Structures are given as C-alpha cells and as structure tokens.
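Here is the structure we will look at.
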Amino acid sequence: MADNLSIQGHATVSDSPSPAEMVKPPALALGPLGWVRANLFNNWFNSILTILILWLAYKVIPPLLDWLVFNSVLPGEGVTNQTCRASGGACWAFIHEKYRLILFGLYPYEEQWRPILVVLLIIGLLGLSCNRNFWRPWLLGVWAAGGIVVATLMWGGILGLPFVPNTLWGGLPLTLILSVVGLVVAFPLSIMLALGRRSDLPIVKSLCVTYIELIRGVPLITVLFMASVMFPLFLPTGVTIDKLLRAQIGLILFASAYLAEVIRGGLQAIPKGQYEAADSLGLSYWQKTGKIILPQALSITIPPLVNTFIGFFKDTSLVIIIGLFDLMSASKAALTDPAWRGFYKESYMFVAFIYFIFCFFMSKYSQWLEVQLHRGHKR
Amino acid sequence: MKTKILAAMGTAVAIALGASAAVAGPTLTAVKQKGFVQCGVNPGLPGFSNPDSQGNWQGLDVDFCRAVGAAIFGDAKAVRFTPLSAQQRFTALQSGEIDILSRNTTWSLTRDTSLGLNFAPTTFYDGQGFMVPKSLGVSHATELNGATVCVQSGTTTELNLADYFRSKGMTFQPVVIESFDEVNAAFFAGRCDVYTTDASGMASIRSTLAPNPDDYIILPELISKEPLGPAVRHGDDEFFDIVKWVIYATMEAEERGITSANVDEQTKSQDPNVQRLLGTTPGMGQALGLNEKWAYNIIKTVGNYGEIFDRNVGVKTPLKLERGLNGLWTNGGLMYAPPVR
C-alpha cells in the first residue's frame with residue numbers, strides 16, 4: 001500500500017509541480033500517527049496483535065485499578081476486617097495491621113527497633129561495598145565490625161539489651177542475614193572449590209568434583225530437609241544444634257557448589273596465554289591466581305554471579321519447610337490470624353514488592369559494575 | 001506433591017529411628033533446669049496456633065503448652081515455642097529439640113507405637129466434612145455420587161475422601177489443588193460441587209471467604225476421626241503423667257464450674273473434689289511431682305477447657321465452632337476427666 005501511495009504521489013508531483021504540495025509531509029508517515037503506523041500496524045499480523053493487546057489491557061487494567069486503588073481500603077479510624085470484606089477492593093488495612101509481623105516475624109514487639117537497625121546496617125554495608133574505591137583491606141574490618149554489631153543487636157543479652165533467642169528471629173532481617181551470611185561465607189569457599197576442581201592434584205580435584213556434583217545433584221529443599229530433619233537424629237541424644245545454624249550451613253553448602261561452577265566457567269574463559277605469561281614471569285601458583293587469573297575471571301563472571309546471588313536471595317524463602325519465619329513464611333503466618341484470613345493477594349504483593357526492590361538493585365548494580373570493570377577491553 | 005513426598009520421607013525417617021530414640025534423664029528435671037517448656041507448634045493454623053499481629057502465639061494448641069508451663073513453673077509464660085513443619089514434628093520430639101508436640105497431630109495406632117510417641121488426652125475432636133452450595137440441593141453426603149470435589153493435596157484429607165467414596169460405592173471427580181487459598185477460591189468460583197476439608201476449618205472458611213455465606217451449607221456427616229492432642233516421647237512416664245493431668249485438670253475445672261475469674265473464691269469451696277484439685281487439700285501436686293498449686297495456676301493463668309475453647313475457636317471467634325463433640329461428657333460431648341483423687 002505504502003509503495004503505491006508514494007508512486008501515485010510522485011506521479012502527481014511530476015504532472016503539476018506545485019512546490020506547496022512537495023514540502024507537505026504525508027500525515028500518515030510522520031509524527032505520532034506515523035509512529036503508530038510504523039510500529040504497531042505495519043503489517044496484518046502486528047495489527048491483530050496490537051488490537052488484541054489493547055483489548056486485553058481494556059479488560060484487565062480498569063478492574064485492576066478498581067481493586068488496587070479505587071475500591072481499596074486504606075487503614076484508618078474504625079477500619080476493621082469487616083470493612084475490608086465488604087469493600088471488594090484491596091485491603092491495605094491488612095498490611096497496616098500486619099506489617100510488623102511480616103517484616104520482623106516473632107521478634108519481641110517492643111524490641112523491634114533492633115531488627116530495624118540491623119536491616120539498615122546491612123543495607124548500609126552492602127551500599128558501602130558497592131563502591132569500588134572502598135575495595136581495600138579495611139573493608140573486611142568494617143564487615144567484621146558490622147557482623148559483631150548485627151549479632152549484638154539481634155541476640156542482645158549485653159549492654160542492657162534483653163536476650164532474644166534466634167528462634168524468634170524472623171522477617172526481613174532473617175532473610176537478609178541468611179542470604180548475606182550465606183553468600184559471604186560461600187563465596188571464598190566457592191573460589192577454593194573452583195580452583196580445586198581445575199587443580200592437577202588428584203585428591204584435591206576428586207574431592208572438589210565429588211562435593212560439587214553431589215550438592216548440585218540434589219534440590220535445595222532436600223539439603224535443608226537433611227539439615228533439619230535427618231541430621232539431628234545422627235547426634236547423640238540431648239545434643240541439639242541450633243535450627244537456624246543448621247539451615248544456614250545447608251544454604252552455604254548449596255550456594256558454594258553453584259557459585260563454584262560459575263567461577264570455574266570464568267576460569268576456563270581466560271585464554272591460556274595468560275597462564276603461560278604468568279608462568280614465564282616466574283610467578284608462583286598463588287601469585288598467578290591472585291594477581292592475574294582471578295581478577296579477570298571474576299570480572300567476566302559478574303552477570304552469572306549476580307544471577308546466582310539473586311536466585312539465592314529468593315531461595316532462602318525455602319526455609320519455610322523447616323519452620324523458620326523468613327519474610328515469605330512470616331507473610332504466610334500473618335494470613336493465619338482467624339480474623340484476617342483470605343487477604344493473601346495483599347500479603348503476597350507486599351512481599352513481592354520487597355523482594356523486587358532488592359533484586360532490582362542487585363541487577364542494576366551488576367550492570368553498572370560490568371561496565372566499570374570492562375572499560376579496558378570492551379568489545 | 002512435593003509436600004506429600006517430604007511428609008512421607010519425614011515419617012519414614014521418624015519411624016526408622018523412633019523406636020530407638022532414648023531419653024537422657026527425666027524430662028521434668030531437664031525442663032526445670034532450663035526454666036521453660038519447649039513446645040512444638042504449627043507455624044500457622046488459625047485458632048490452633050498462629051502468631052497475632054504482635055508476634056505472640058495464640059490458639060488452642062498453644063494454650064495447652066502454656067498450661068503445662070503454668071503447672072510446672074506457676075507461670076504461663078515459661079514456655080518457648082518452636083514452629084514445626086509437618087515433616088519435622090516427630091524428629092523434633094524424638095531428638096529432644098522439644099519437650100511437647102502440640103501441633104494438631106492426629107492420634108493413631110502407628111504414631112502411638114512405632115513412632116515412639118505417647119499421646120496425652122485429646123484436646124480437640126476433629127473430622128473431615130463436606131461443604132456444598134445450597135443450589136446443589138443436597139443435604140447428605142450419601143447423595144454426592146458423581147460430584148466434582150475440591151480437595152487440598154498432600155494431606156490425609158485426599159485419602160479419606162477416596163476411602164469414603166469407595167466404601168459407599170460412589171464415584172467422584174477430584175479437583176486437587178496444592179494451596180489453601182487457591183482451593184478456596186476454586187470452590188467459591190464454582191469450579192466444583194463439593195469442598196472437603198477438616199470440619200474445624202470449614203465454618204470459618206465459609207464465614208470469611210464465601211461471597212455470600214448463606215449460599216453454602218455444611219453437610220452433617222463427618223467421614224474421618226481426627227482426635228488431635230499433644231504428644232510426648234516414649235519412656236518418660238513422669239512427664240507423660242504431668243501433661244495428661246494438666247489437660248484433665250482443665251476439663252475437671254470446667255465440670256466443677258471453676259473458671260479463671262472465680263478460682264480464688266473456689267479455693268474456699270467445701271466440695272472435696274474442688275479442694276483436691278486446687279490443692280486446698282494437699283496430695284495431688286506431690287503425686288505428680290509438682291507444686292500443690294499446679295491446677296490453681298493453670299486455671300488462674302490459662303483457664304479451664306471451656307474458656308480455652310471459647311477464646312480460640314468458639315462461637316464468638318471468627319472460627320465460630322460449636323462445642324459439639326468437644327463439649328463435656330455431661331453435655332453430650334467427649335471431654336471426660338478421670339477423678340482427681
């Protein structure tokens with residue numbers, strides 16, 4: 001059609017050369033209408049798709065907005081679960097009623113300023129570590145100090161803070177602690193495993209291969225199940241190892257096996273010339289690995305590493321099967337209050353929003369870091 | 001499905017090691033030493049054990065743990081709760097991680113024997129029931145031949161359902177859904193003719209989640225027996241006795257009309273039964289290895305059986321359960337305490 005039009009147009013111009021007609025752009029080819037034509041209705045298939053999507057949007061968006069905004073019940077004076085059930089919209093009053101349970105689990109109500117500080121502290125530490133200028137040995141010291149402060153705040157028992165057993169920890173602080181501690185411990189472990197797997201020493205190599213393949217061969221839920229249900233039975237009676245610690249160790253074991261494979265991928269991507277060049281300079285194995293190979297390998301593995309981090313952050317919600325109240329299980333527990341049953345959409349949306357914020361920032365940071373680290377040899 | 005396999009694994013593990021789980025010394029000594037009772041509960045079952053908005057545990061199962069704490073320490077707060085998944089619960093008890101399992105656990109022969117558990121008296125008689133829309137025009141479960149049935153997967157509910165229809169020579173179309181929320185949504189959206197779940201949950205599901213509760217009826221038949229009660233480990237009779245009599249004390253108190261409000265007056269009662277229970281006439285506490293005020297402390301801080309029931313699941317709560325089978329034997333229920341003497 002477009003071709004025909006232009007041919008006709010051309011013919012008209014050559015027949016009667018009026019300059020005004022020559023300059024006037026065809027209204028259907030430029031401007032907003034032109035954009036719509038070129039992008040949404042440029043052939044019959046796309047036209048049908050566009051119409052279909054518009055129809056779906058018309059069917060979905062107004063009721064969704066009604067539910068989310070116009071009919072929703074905001075917290076306020078005299079707003080109860082009955083108000084919510086009558087309205088038919090989203091019950092944000094439910095979130096207002098339960099947000100402290102969802103965010104902090106069973107942590108004693110009056111002491112919940114402590115987990116708030118812990119969350120801020122962990123986010124602060126993560127933010128600090130995002131800046132490459134701070135990647136210096138003293139950062140390890142800051143993390144160690146941060147870890148001590150977090151432990152002090154969460155457990156208490158000193159400095160006049162009442163003791164809170166870790167069976168009462170829950171919500172966002174628990175999710176953050178499980179994933180941050182898990183990754184911080186698993187990361188060095190995984191580097192060792194990856195190096196071990198590529199080692200020439202037969203025993204080291206076979207140990208690493210066995211470990212990685214064994215852990216990767218089972219689902220995380222099985223590792224957690226073993227840690228929480230089978231493991232206590234092998235201990236002498238009366239000896240119990242803390243439930244949280246068992247889950248944390250299970251998560252570390254799991255994360256390290258996956259991270260090790262990601263890092264091994266990076267190690268294998270380094271050209272052989274780099275190894276040979278380092279050898280010819282007379283560097284020892286550790287010098288070669290620490291100064292030449294690992295920095296390059298880690299920087300090219302950033303996308304898959306962050307992918308694993310994000311996955312792991314969300315995987316911590318599997319601790320629900322062993323009765324720990326992380327963010328996800330706490331939101332489920334909030335739904336079991338007899339008076340507030342059935343507001344699961346609101347509860348899950350709230351939790352999804354929190355997960356999204358964390359995962360989105362991780363993802364954005366990794367993109368930024370990738371650009372930073374690849375400046376030298378961007379292809 | 002996953003839950004089901006895990007549950008089976010958990011049970012298999014628990015059975016394999018249950019019989020050999022030995023106990024290090026009497027539980028009571030250990031409990032007194034640490035200063036609290038460690039109690040395994042459900043991470044979230046409305047009315048039985050669920051955290052409230054402030055993160056405090058509440059519910060029927062939870063209150064019986066508190067009663068044990070009150071009997072031993074005179075303080076209902078001398079209890080710590082361990083939320084346990086269905087797979088973990090038996091191992092947690094066998095390995096000594098918890099002292100009492102008070103987690104809506106059905107008392108059955110194999111659990112009582114090969115799992116190495118001792119079941120204290122039943123604190124709640126549950127059973128599986130059916131709910132149908134009124135428009136279906138059905139008033140008895142026996143008229144459900146050929147019906148489409150919504151059921152949550154991975155629970156004994158599914159098995160009981162199949163057993164019931166087979167035993168009656170009827171057919172049915174199961175609609176098996178994993179999550180609690182989705183199975184409710186499916187039923188109220190008209191996806192199936194019948195919804196089956198535990199009777200204890202049914203009334204509250206109808207009252208809180210149905211678009212119009214009056215459009216649905218609960219059929220009178222219960223197709224399974226689910227006596228739920230606390231359990232302790234095999235091999236410690238002293239502690240088993242304590243848990244048993246804590247529960248009997250709450251029933252006995254209700255039968256004698258002793259409530260948390262009037263227990264102080266009742267200590268002056270002339271009734272020898274009341275005197276023995278409340279320790280005005282000493283002897284009962286000593287026989288259990290407890291303080292003579294054990295029952296007084298339970299009733300004062302937690303209440304009698306009726307109070308516990310009404311507070312957590314009774315008609316004034318969102319669960320709206322009638323006493324029914326859980327009434328006192330004097331009112332046609334099954335709650336019957338042996339004499340306290």
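Structure notes:
- The protein assembly as shown - Cys residues lacking any other Cys C-beta under 4.7 Å: A:130, A:208, A:359
- Accessible surface of residue B:234 - all protein chains present, 1.4 Å probe, nearest 10 Å²: 70
- Residue list for segment A:159-183, given a label point 7 angstrom along the Cα-to-Cβ vector of residue A:245 and an amide N cut-off under 17 Å: A:164-169, A:178, A:181-182
- Over chain A: helical MRE at 222 nm, DSSP H runs n ≥ 4 each giving -39500 (n - 2.57), nearest 500: -21500 deg cm²/dmol
- The residues of segment A:329-373 listed by number as losing at least 50 Å² of accessible area in the complex, against the isolated chain and with a 1.4 Å probe, are A:336, A:338, A:341, A:344.
- Among B:115, B:325, B:101: highest mean-square fluctuation, GNM of chain B, C-alpha pairs under 10 Å: B:325
- Per-residue accessible area (protein heavy atoms, 1.4 Å probe) orders B:305, B:164 as B:164, B:305, starting from the largest.
- Between residue A:359 and residue A:200, the contour length at 0.36 nm per residue exceeds the Cα-Cα span by 53.5 nm.
- Placed amide H near residue B:80: partners under 5 Å, 5+ positions off or other chain: B:37, B:38, B:39
- At R0 = 51 Å, FRET efficiency that the Cβ-Cβ distance of residue A:130 and residue B:316 yields, to 0.05: 0.40
- Partner chain coverage, peptide B:87-97 - average Cβ within 10 angstrom: 5
- Of the residues B:247, B:217, the one with the largest accessible area comes first in the ranking B:217, B:247, computed with a 1.4 Å probe on protein heavy atoms.
- For segment B:126-226, the spherically averaged projection of the C-alpha convex hull amounts to 5.5 nm².
- Once C-alpha pairs closer than 8 Å and six or more residues apart are averaged by separation and normalised to the residue number of chain A, the relative contact order reads 17 percent.
- Taking the DSSP bridge list for the protein assembly as shown and keeping only pairs wholly inside it, about 50 percent are antiparallel.
- With every protein chain in place, segment B:126-226: carbon and sulfur % of accessible area (1.4 Å): 49
- Distant-in-sequence amide H partners of residue B:124 (H built 1.01 Å from N, under 5 Å): B:228
- Cα-based reach from residue B:34 at 12 Å (exclusive), listing aspartates and glutamates while leaving out same-chain residues under 8 positions away: B:99
- Buried on assembly, segment B:293-341 (at least 10 Å² less accessible surface than by itself, 1.4 Å probe): B:318, B:319
- log₁₀ of I(q)/I(0) at q = 0.05, 0.11 Å⁻¹ - the protein assembly as shown, Debye sum with one point per alpha carbon: -0.35, -1.27
- Nearest-ten-degree value, helix A:302-315 long axis tilted from longest Cα axis of chain A: 70
- Derived scalar couplings ³J(HN,Hα) [segment A:173-179; Karplus, 6.51 cos²θ - 1.76 cosθ + 1.60; whole Hz; x for Gly, Pro]: x, 5, 4, 5, 5, 4, 7
- Full extension of the chain between residue B:29 and residue B:186 gives 51.4 nm of extra length, using 0.36 nm per residue less the Cα-Cα distance.
- A DSSP coil position with no more than 12 other Cβ atoms inside 10 Å describes the following trypsin sites (Lys or Arg not before Pro) in segment B:55-147: B:77.
- Exposure ranking of B:260, A:228 by accessible area [1.4 Å probe, largest first]: B:260, A:228
- With a cut-off of 12 Å between beta carbons, the residues surrounding residue B:213 carry a summed charge of +2, where Lys and Arg count +1 and Asp and Glu -1.
- Percentage relative contact order, chain B, counting C-alpha pairs under 8 Å, at least six apart: 21
- Qualifying chymotrypsin sites (Phe, Trp or Tyr not before Pro) in segment A:91-153, where qualification requires a DSSP coil assignment and no more than 12 other C-beta atoms within 10 Å, comprise A:135.
- Within-14-Å neighbourhood charge of residue B:306 [Cβ basis; K, R +1; D, E -1]: -3
- Greater than 25 Å apart at Cα, pairs in A:332/B:134; A:98/A:345; A:243/A:332; A:98/B:316: A:332/B:134
- Karplus-derived 3J(HN,Hα), 6.51/-1.76/1.60, for each residue of segment B:117-130, Hz, glycine and proline x: 10, 10, 8, 6, x, 4, 9, 7, 8, 10, x, 8, x, 10
- ³J(HN,Hα), Karplus 6.51/-1.76/1.60, whole Hz, each residue of segment B:312-322, x for Gly, Pro: 9, 10, x, 5, 7, 8, x, 6, 6, 8, 6
- Taking the centroid of alpha carbons for each part, segment B:233-272 and segment B:183-202 are 38 Å apart.
- Between residue A:276 and residue A:370, the modelled label-to-label distance comes to 3.1 nm, taking each label 7 Å out from Cα in the direction of the beta carbon.
- Taking label positions 7 Å along the Cα-Cβ direction at both residue B:153 and residue A:113, the computed distance is 4.8 nm, reported to one decimal.
- Between segment A:130-174 and segment A:249-276, the C-alpha centres lie 28 angstrom from each other.
- Inter-label distance for residue A:221 and residue B:265, nm, one decimal - labels placed 7 Å from Cα along Cα-to-Cβ: 5.6
- Backbone amide hydrogens, once placed in the peptide plane, bring residue B:216 within less than 5 Å of B:134, excluding anything fewer than 5 places away on its chain.
- FRET efficiency estimate (nearest 0.05) - Cβ-Cβ, residue A:70 to residue A:50, R0 25 angstrom: 0.35
- Result for chain A in a Gaussian network model with C-alpha springs under 10 Å: among A:140, A:74, A:183, the largest mean-square fluctuation is at A:140.
- Under the convention that each Lys and Arg Cβ holds +1 and each Asp and Glu Cβ holds -1, the size of the dipole of the protein assembly as shown around its Cα centre is about 2000 debye.
- The Cβ shell under 15 Å around residue A:310 holds other residues with a net charge of 0, Lys and Arg each +1, Asp and Glu each -1.
- For segment A:93-159, the fraction of 1.4 Å probe accessible surface lying on carbon and sulfur atoms is 73 percent.
- Per residue accessible area of the protein assembly as shown, 1.4 Å probe, in Å²: 48
- Chains B and A together bury roughly 3300 Å² of accessible surface, counting both sides and using a 1.4 Å probe on protein heavy atoms.
The values are calculated or read from the model by the stated rules, or taken from the named source; none is laboratory data. In this text the structure is predicted, and so the values were computed from the model without any measurement. Because the Cβ atoms are built from the backbone with ideal geometry, glycine has one as well, and the counts that use them run over all protein chains shown. Please note that ligands, DNA and RNA were not included when accessible areas were found on the heavy atoms of the full protein model with its side chains. Shrake-Rupley method; radii C 1.70, N 1.55, O 1.52, S 1.80 Å.
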